Amino acid sequence: VIERMLQARPEHAFRFFAESTLKSLWNDCHPSWTVLEDRSDFRVGGAEAKRWRTGEGDELTLLAYYLDIVPAVRIIYAFDMTLRGERLSDSLATIEFVRDGVRTKMVFTEQMAWLGGPEAMRTRISGTGMGFDRLVEVISEARSD
């Protein structure tokens with residue numbers, strides 16, 4: 001479970017997940033990686049596919065399926081990740097948007113079946129948190145512009 005306070009109302013915070021241009025501001029986390037595929041169909045029953053080539057030349061993929069979307073309230077999706085063609089993890093994730101005055105408490109809950117080594121799992125969990133730290137920054141910057 002990862003929680004972050006976002007300096008925006010839930011309706012605005014939700015847009016940073018729903019709109020691919022806004023999502024890329026915080027979710028494109030490795031500038032040295034080459035994007036090989038990036039498609040998103042953000043709707044219940046839709047899918048998101050991302051494929052990168054890392055700085056070391058390895059291919060990493062993410063394939064997600066949206067199971068439930070209630071604008072400004074929650075997003076539920078299942079996803080898997082592979083590295084060099086081998087499955088790393090399968091996950092069920094829920095993102096909740098809870099109004100806190102003019103801010104939003106975002107709660108990300110991931111149930112993960114991890115298939116890689118323990119160090120890679122720690123790196124993956126840390127990377128997820130760093131991504132949400134970028135989300136906090138991007139939303140704060142958007143408000144000040």
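The values are calculated or read from the model by the stated rules, or taken from the named source; none is laboratory data. Just so we're clear, the structure is a prediction, and the values are computed from it rather than from any experiment. Cβ atoms come from the backbone with ideal geometry, glycine included; neighbour counts cover every protein chain shown. Protein only, heavy atoms only, side chains kept; ligands, DNA and RNA dropped before computing areas. Shrake-Rupley method; radii C 1.70, N 1.55, O 1.52, S 1.80 Å.
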TODO: Evaluate 2.2 N^0.38 Å with N set to the residue count of the chain, then give the Cα radius of gyration divided by it.
DONE: 1.03
Task: Solvent-accessible surface (1.4 angstrom probe) belonging to Val44, in square angstrom, nearest 10 - done: 80
Task: Distance between region 72-145 and region 1-57 - C-alpha centres, whole angstrom - done: 9
TODO: For the chain, with a Gaussian network of springs between Cα atoms less than 10 Å apart, report the residue from Ala18, Ala93, Ala120 with the top mean-square fluctuation.
DONE: Ala120
TODO: List the longest stretch of the chain that has no exposed loop site; here a site is one of the GluC sites (Glu not before Pro) assigned by DSSP to anything other than H, G, I, E or B, with at most 14 other Cβ within 10 Å.
DONE: 57-145
- [ ] Report the Stokes-Einstein translational diffusion coefficient (µm² s⁻¹, integer) for region 60-145, Rh taken as the Kirkwood radius over Cα pairs, at 25 °C with viscosity 0.890 mPa s.
- [x] 169
Open item on the list: Compute, for the chain, the length of the dipole vector about the Cα centre, with Cβ point charges of +1 (Lys, Arg) and -1 (Asp, Glu) only. Units Debye, rounded to 20.
Closed with: 320
Task: FRET E, pair Val102, Glu59, Förster distance 35 Å, beta-carbon r, rounded to 0.05 - done: 0.25
Open item on the list: Just to verify a number: what accessible area does Met121 come out at with the full protein assembly present, 1.4 Å probe, Å² rounded to tens?
Closed with: 70
Task: Probe 1.4 Å - accessible area at Arg15, Å² to nearest ten - done: 90
- [ ] Leaving ligands, DNA and RNA out of it, report the carbon-plus-sulfur percent of the accessible area of region 17-99 at a 1.4 Å probe.
- [x] 51
- [ ] Please work out the average accessible area per residue across region 6-110, using the 1.4 Å probe convention, and give it in Å².
- [x] 52
